[in-house]
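The values are calculated or read from the model by the stated rules, or taken from the named source; none is laboratory data. Here the structure is a predicted model, which is why all the values come from computation and not from measurement. Note: ideal-geometry Cβ built from the backbone for every residue, glycine included; neighbour counts use all protein chains shown. Areas reflect the complete protein model, heavy atoms only, side chains present, ligands, DNA and RNA absent. Shrake-Rupley method; radii C 1.70, N 1.55, O 1.52, S 1.80 Å.
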Amino acid sequence: LGVWIFGEGRLSKKLHCLSIWLVAFGSNLSAFWILVANSFMQHPVGYTIANGRAEMTDFFALVTNPYVVGQYAHTVLSGIVTAGVIVVAVSAYRLLSGQNIDTFKTAIKSGIIYSLVGLFLVMGSGHLQAQFIGKNVPMKMAAMEALWETENPAPFTVIANIDTENKVNHDAIEVPYVLSLLIYDSPEGEVKGINELQEQYIQQYGYDDYIPNVVLLFWSFRIMIACGVAMIGAMLLAGLLFYTKRLENTRWFLNILVLLLPLPFIANSFGWIITEAGRQPWMVVGLQKVSDAVSQNITSTEVLITLIGFTLIYALLAVAAIFIALKFVKKDAHKMDDEGGQA
Ligand code: HEM
């Protein structure tokens, strides 16, 4: 990444381009292995329990875990959406300044197409992953939907005031049949509720609280979807305005495109909150609880210090990344001004 950022003009164009392709290839490969590990925690496969520990028996089963297929697709596609929205927002910002119109018209066009392809696919892959979760990790789905009782057909709850103490929802707006339809592609289909699953897990795994944070999951899911819907609406309108040659003159809408910038980051963050909070209280679903995974040879003070250390390092990296990105946007603009928009 450093070679790409600082190598412009110092390296041949081909080598410079190769450096960013290697970054893309490496990041996607790295994401795959991280998600193979993560999907094992969500839906363990390819192992046997021997000598009190999980041992891998089938590497192929591990890397083709049906969970990782959906998770990898959804994660990579959300990266595509993020990149597309950044290009659109920066281009809209530059179009507002009125300089290098032709350059940024080309950029915004590719950004809109890239974002739209990414958005349709991210929603499709998210839908398939939700179907898989509904059938294979039912407590996560029940918590994401704040579905306390088993229902057939199950309604989709748009919003609700969730009362976790009494395990009921107040003032819920429900659309009948839709949850069954989303999970089974049919208006009929049983979706197990939190209360029944809790009883079932007590029988299966012993007495404990197996209910994740329902309020957090319910709202995180809706925020992620709302961000996706808002981005798709904005990109469709942007495409229409571009096609009818009105985009660069519709200043209020260019301002909206700039404001879209945080949405993919918000969707990504809430997506990860769903994935990890929905796994609780398990470290590896059905195999090991988080409370049993606590290291015995490290104190909580050491954990706290490490966490603070990581937070500081990542905060510094974030500041540096934002600083360099902003510098890039401005520097390129000046360069383009000097070079008459040819950069
Ligand atoms: C209709 C829209 C969407 C649906 C149905 C959907 C569905 C899902 C589901 C079910 C999960 C949880 C997966 C798990 O627990 O393993 C998830 C996670 C996630 N979502 Fe979405 N999503 C949608 C839109 C988006 C958008 C627009 C973005 C970002 C641009 C996004 C980014 C993520 C990320 C980064 C994760 C965590 C990674 C993962 O577990 O796959 N999602 N999504």
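What to note about this one:
- Test: residue in the range 311-319 that is touching a residue at least 12 places away in the same chain (Cβ under 8 Å), within 30 Å of Phe40 (Cβ to Cβ) and not acidic (Asp, Glu): no
- A search for C-beta distances below 8 Å between a residue of the range 11-30 that is touching a residue at least 40 places away in the same chain (Cβ under 8 Å) and any residue that is of a type in the set (A, V, I, L, M), counting only pairs 6+ apart in sequence or on different chains, returns Asn28/Val76.
- Residue selected from the range 240-272 under the condition more than 16 Å from the ligand (Cβ to nearest atom) and of a type in the set (S, T, N, Q), by the criterion least open to solvent (accessible area, probe 1.4 Å): Thr250
- Check on Trp219, more than 8 Å from the ligand (Cβ to nearest atom) and within 15 Å of the chain's Cα centre (by Cα): yes
- Answer residue from the range 273-284, given it is more than 11 Å from the ligand (Cβ to nearest atom) and open to solvent by 40 Å² or more (accessible area, probe 1.4 Å) and is farthest from the chain's Cα centre (by Cα) among those: Met283
- Matching residues, the range 50-92, being among the hydroxyl-bearing types (Ser, Thr, Tyr) and within 30 Å of Ile108 (Cβ to Cβ): Tyr72, Thr75, Ser78, Thr82, Ser91
- Checking each residue in the range 44-74 for being open to solvent by less than 40 Å² (accessible area, probe 1.4 Å) and near the ligand (Cβ under 10 Å from one of its atoms) picks out Tyr67, Val68, Gly70, Gln71, Ala73.
- The residues of the range 289-305 that are open to solvent by 70 Å² or more (accessible area, probe 1.4 Å) and polar (S, T, N, Q), listed by number, are Ser291, Gln296, Asn297, Thr299, Ser300, Thr301.
- Among the residues of the range 1-39, those that are within 16 Å of the ligand (Cβ to nearest atom), among the hydrophobic types (A, V, I, L, M, F, W, C) and open to solvent by less than 40 Å² (accessible area, probe 1.4 Å) comprise Ala31, Leu35, Val36.
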